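Enquirer: One structure is given below, represented as structure tokens, and several questions about it will come after.
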Amino acid sequence: MYYSEEIGLPKTDSCRWRLRTDYVGRETWHYLSVKEAAAGGIEEPQSNYVKWLLGSPDFPTPQEEEIETPGRAAEKGAEFFKLLQLENGIFPCQYKGPMFMNIGYIAANYFCKNPIPDPFKLEMIRYIVNTAHPVDGGWGLHSVDKSTCFGTTMNYICLRLLGLPADHPVIIKARRTLHGLGGAIRNPHWGKAWLAILNLYDWQGVNPAPPELWTLPYRLPIHPGRWWVHTRAIYLPLGYLSANKVKCDLDPLLEELRNEIYLPSQLPYESIKFGNNRNNVCGVDLYYPHTKILDAANFVLSKWENWRPDWFLKWINSKTYALIEKEYQNTDYLCIAPVSYAMNMVVTYYHEGAKSRNFAGLQRRMNDIVFHGPQGMTVMGTNGVQVWDAAFMVQYFYMTGLVEKPQFQDMIRKAYLFLVRSQFTEDCVEGSFRDKRKGAWPFSTKDQGYTVSDCTAEAMKAIIMVRNDQERFGDIKDEIKDENLYGAVEVLLKIQNVGDWEYGSFSTYEGIRSTLLLEKLNPAEVFNNIMVEYPYVECTDSSVLGLTYFHKYYPNYKPEVIHKAISIAIDSIIDAQDKVDGSWYGCWGICYTYASMFALEALNSVGLDYSNSVSVKRGCDFLISKQLKDGGWSESMRACETHSYVNGEKSLVVQTAWALIGLILADYPDEEPIRMGIKFLMERQLPTGEWKFEDVEGVFNHSCAIEYPSYRFLFPIKALGLYAKKYANEKLI
């Protein structure tokens with residue numbers, strides 16, 4: 001039972017929820033009207049995925065059986081996973097974890113006087129309440145974090161704006177924790193900005209985000225067009241809002257909040273000296289403190305803000321808003337992610353008004369970023385993980401031999417066609433500081449509009465697998481042409497870092513554009529490594545996997561160029577290995593286990609294994625050293641934050657699968673520890689084929705956890721299937 005149920009919070013009727021999607025993977029939730037529900041939803045029945053997610057008794061649960069062999073365990077898991085695929089080929093999921101996303105959605109709609117539907121309100125309240133810290137009632141940066149000032153302030157305000165009264169026990173408990181953390185005045189930069197937008201804090205107390213930087217010559221290293229894509233996407237609208245000191249109309253509820261979120265000793269509100277609190281950040285929140293360089297820059301820029309001429313501000317507004325409009329064109333109003341989407345929504349309402357075409361476009365996309373689930377509804381990290389999961393499924397069903405089973409071939413066909421539809425077929429509009437994207441793939445959907453290196457490589461590899469399977473899928477081979485794959489390779493080669501920074505590595509969205517020294521100007525305080533693109537071992541690994549597979553089937557396309565790209569990428573992977581313990585640090589999954597799996601698979605793709613590579617041997621020995629007595633592996637989110645391996649409380653299915661995949665593909669010579677891990681996966685599998693969620697799997701910017709719900713199917717299926725093919729598929733339990 002969830003906490004929201006224990007305390008009697010109202011909830012919606014789960015039978016009335018529908019998840020709608022389209023041919024390019026868009027996901028939006030809808031609540032049937034009373035009339036539609038009374039008719040039994042005949043015209044729009046719930047999908048099996050929604051039935052499973054919301055715990056409907058109508059879900060066609062597979063028949064239970066005693067699963068005795070690894071091969072059958074993989075097959076049974078795949079049979080369950082098949083039930084969760086939609087007709088358009090995607091595997092939808094609630095991509096959740098960060099606890100600072102809801103504030104943007106709720107605050108932007110409140111600012112713009114855009115009502116959130118009541119069913120959405122009820123379920124958002126439930127989600128926030130159900131993710132409160134079980135002891136102190138606060139919230140952290142993410143759902144498994146300790147309570148922080150940022151998380152507690154933002155979610156406290158969300159609950160109040162959604163309708164929970166000030167005297168509700170959840171609110172009273174959270175307010176006590178917030179006051180214990182020093183009150184809202186101790187929020188980091190993003191928290192202070194949202195407070196100022198809601199007229200709960202004065203812009204004088206928010207460090208500057210100067211939009212003037214966008215007018216500098218692009219050749220300067222500090223130009224925002226050279227920053228990491230997420231950072232520049234957020235600080236573009238934030239700069240506009242900050243420079244114009246945009247704030248919400250004050251109303252009775254906001255006046256109440258002014259008296260709730262600050263300590264009694266700090267009140268009355270009008271007496272607070274906000275300008276003295278720009279750098280007053282709660283120590284619990286402070287993951288990346290300011291440098292002296294940033295403090296000096298903030299001091300100078302804060303003076304400039306006080307005498308910036310109006311005519312100059314109007315000119316800056318026109319320049320920055322034109323860039324925001326380009327973002328709308330490139331992403332069909334989705335924007336790169338929910339934080340920038342929400343800020344852009346406020347900017348557009350202020351700049352153009354509620355009746356403008358751009359504001360209507362944003363309203364149309366409002367529910368693409370929220371997702372419902374058993375805990376309630378929340379804003380996701382982006383609009384989904386559609387391409388990423390589909391590409392993995394296709395590959396793993398080939399690698400494990402599941403493709404040979406007729407019952408899975410339609411599943412692969414649908415995912416393949418979705419991937420084909422998801423490739424970018426046009427470049428971004430001129431002047432948007434974006435690289436060539438035609439030929440690439442995104443993380444989620446084509447509409448979202450952003451190239452990602454590893455998603456491009458993994459999708460390309462999956463597509464090549466299907467295209468070369470003439471016996472089973474010859475009829476759909478030409479749904480995509482060779483030339484489309486050449487385009488993907490060209491984008492990957494463009495993203496590889498071959499200049500002065502991190503030679504041979506691959507970054508996420510684009511190559512590194514500026515010096516890593518820009519991190520000294522990181523203003524976020526709660527994240528690290530956000531100012532520019534960085535090299536990522538996982539992105540480099542996936543890119544190697546994609547390029548080696550492409551080169552195998554297209555040996556005549558730029559062989560020298562591709563061979564060199566692979567060679568220097570392999571050198572980069574080996575160079576990134578820890579010189580002491582042989583591990584690799586992961587930035588997108590937890591943590592050393594995740595990255596080590598990818599690294600060992602990439603090295604395997606060029607013929608390096610335990611017997612002929614010192615790097616592979618050291619990587620395997622590292623993984624073996626972390627195996628627990630029950631045969632499993634467990635790594636905590638704390639490892640990402642501390643940059644050192646930290647064991648979790650118990651062995652985990654996904655972590656164990658990652659370690660096993662790495663060891664199997666590296667040809668680790670001792671089967672016994674691998675057999676123990678496989679046995680662990682089988683013991684954790686339910687007789688229906690399902691694996692239950694155990695712990696968060698992903699991370700970003702070193703400090704924020706995020707869930708990948710499909711991982712608990714994808715990676716165990718891969719590990720079990722690889723074992724069954726490599727070793728005897730004999731009875732283990």
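The values are calculated or read from the model by the stated rules, or taken from the named source; none is laboratory data. Fair warning: this is a prediction, and the values are worked out from it, not measured in the lab. Every residue, glycine among them, receives a Cβ derived from its backbone with ideal geometry; neighbour counts consider all protein chains shown.
Enquirer: Taking the stretch 667-679, which residues are touching a Gly at 6+ places or on another chain (Cβ under 7 Å) and crowded, with 24+ Cβ neighbours inside 10 Å?
Expert: The answer is G677, and nothing else.
Enquirer: Now, a different point. Kindly indicate whether any position in the stretch 95-105 is aliphatic (A, V, I, L, M), more than 24 Å from the chain's Cα centre (by Cα) and buried (at least 18 other Cβ atoms within 10 Å of the Cβ). Explain how you work it out, then say what you get.
Expert: Keep residues of the stretch 95-105 that are aliphatic (A, V, I, L, M), which gives 99, 101, 103.
Still in the running and more than 24 Å from the chain's Cα centre (by Cα): none.
The answer is no; no qualifying residue exists.
Enquirer: Going through the stretch 324-379 one residue at a time, which ones are among the charged types (D, E, K, R) and surrounded by fewer than 20 Cβ atoms within 10 Å (Cβ to Cβ)?
Expert: Going through the stretch 324-379, the residues among the charged types (D, E, K, R) turn out to be 325-327, 332, 352, 355, 357, 364-365, 368.
Of everything in the stretch 324-379, those that are among the charged types (D, E, K, R) and surrounded by fewer than 20 Cβ atoms within 10 Å (Cβ to Cβ) turn out to be E325, K326, D332, E352, K355, R357, R364.
Enquirer: List every residue pair whose Cβ atoms lie under 7 Å apart, where the two residues are 6 or more positions apart in sequence or sit on different chains, the first residue falls within the stretch 143-163 and is surrounded by 24 or more Cβ atoms within 10 Å (Cβ to Cβ), and the second residue, located anywhere, is in a helix (DSSP H, G or I) and modelled with pLDDT under 95.
Expert: Going by the 7 Å Cβ cut-off, there are no qualifying pairs.
Enquirer: Does D332 meet the test of being touching a Leu at 6+ places or on another chain (Cβ under 8 Å) and in contact (Cβ under 8 Å) with a residue 40 or more places away in the chain?
Expert: Criteria not met by D332.
Enquirer: Could you tell me which of the residues V526, V544 is crowded, with 23+ Cβ neighbours inside 10 Å, more than 29 Å from L603 (Cβ to Cβ) and touching a residue at least 12 places away in the same chain (Cβ under 8 Å)?
Expert: After ruling out the rest, the residue left standing is V526.
Enquirer: Output the qualifying pairs, or none if there are none: Cβ atoms under 6 angstrom, residues six or more apart or on different chains, first residue in the stretch 267-278 and within 12 Å of E255 (Cβ to Cβ), second residue at pLDDT 95 or above and not in a loop (DSSP other than H, G, I, E, B).
Expert: Pairs found: Y269/R258.
Enquirer: Another question, if that's okay. If the requirement is being assigned to a helix (DSSP H, G or I) and in the same structural domain as L294 (by TED's automatic domain parsing), which of these qualifies: L236, L220?
Expert: The unique qualifying residue is L236.
Enquirer: On to the next question. Given the condition modelled with pLDDT under 95, part of a loop (DSSP other than H, G, I, E, B), outside the structural domain of Y288 (by TED's automatic domain parsing) and charged (D, E, K, R), answer yes or no: does some residue in the stretch 511-532 qualify?
Expert: Checked the stretch 511-532: at least one residue is modelled with pLDDT under 95, part of a loop (DSSP other than H, G, I, E, B), outside the structural domain of Y288 (by TED's automatic domain parsing) and charged (D, E, K, R).
Enquirer: Also, I was wondering about something else. Scan the stretch 112-122 and give yes if some residue there is touching a Ser or Thr at 6+ places or on another chain (Cβ under 7 Å), farther than 30 Å from I661 by Cα and assigned by TED's automatic domain parsing to the domain that holds N187, otherwise no.
Expert: The answer is yes; a qualifying residue exists.
Enquirer: For E404, indicate whether it is farther than 21 Å from I480 by Cα and not basic (K, R). Steps first, please.
Expert: Numbers: farther than 21 Å from I480 by Cα: yes; not basic (K, R): yes.
When the stated conditions are applied, E404 passes them.
Enquirer: Ok, one more. Which of the helices (runs of 4 or more DSSP H) contained wholly in the stretch 19-125 include at least 2 residues that are over 24 Å from Q685 (Cβ atoms) and among the small types (G, A, S)?
Expert: Numbers: elements: 34-38, 48-53, 70-82, 102-111.
Helices (runs of 4 or more DSSP H) meeting the threshold: 34-38, 102-111.
Enquirer: If the requirement is being more than 24 Å from the chain's Cα centre (by Cα) and touching a residue at least 24 places away in the same chain (Cβ under 8 Å), which of these qualifies: L54, L84, L9? Even if it seems obvious, please write down each step before you answer.
Expert: Values: L54 fails: more than 24 Å from the chain's Cα centre (by Cα); L84 fails: more than 24 Å from the chain's Cα centre (by Cα).
None of the others qualify; the one that does is L9.
Enquirer: Among the residues that make up the stretch 473-481, is at least one of them in a loop (DSSP other than H, G, I, E, B), surrounded by fewer than 19 Cβ atoms within 10 Å (Cβ to Cβ) and out of contact with any Pro (no Cβ under 8 Å at 6 or more places or on another chain)?
Expert: yes
Enquirer: Can you tell me how many residues in the stretch 8-25 are crowded, with 18+ Cβ neighbours inside 10 Å and of a type in the set (S, T, N, Q)?
Expert: Qualifying residue count, the stretch 8-25: 2.
Enquirer: Tell me which residues, restricted to the stretch 26-71, are polar (S, T, N, Q) and surrounded by 14 or more Cβ atoms within 10 Å (Cβ to Cβ).
Expert: If the condition is that a residue be polar (S, T, N, Q) and surrounded by 14 or more Cβ atoms within 10 Å (Cβ to Cβ), then T28, Q46, S47, N48, S56, T61, T69 are the ones that fit.
Enquirer: Out of (1) part of a loop (DSSP other than H, G, I, E, B); (2) in contact (Cβ under 8 Å) with a residue 40 or more places away in the chain; (3) touching a helix residue (DSSP H, G or I) at 6+ places or on another chain (Cβ under 8 Å), the odd one out for W501 is which?
Expert: (2)
Enquirer: Does the stretch 626-658 hold any residues that are in contact (Cβ under 8 Å) with a residue 12 or more places away in the chain and in a helix (DSSP H, G or I), and which are they?
Expert: Listed by number, the residues that qualify are A639, C640, E641, V653, V654, Q655, T656, A657, W658.
Enquirer: Here are A440, A390: which of them is more than 20 Å from R513 (Cα to Cα), touching a helix residue (DSSP H, G or I) at 6+ places or on another chain (Cβ under 6 Å) and at pLDDT 95 or above?
Expert: Just one listed residue meets the conditions, A390.
Enquirer: Would you mind listing the helices (runs of 4 or more DSSP H) fully within the stretch 331-399 where at least 2 residues are of a type in the set (K, R)? Please lay out each step first, then the result.
Expert: On the way: elements: 338-351, 357-364, 386-399.
Fully inside the stretch 331-399 and qualifying: 357-364.
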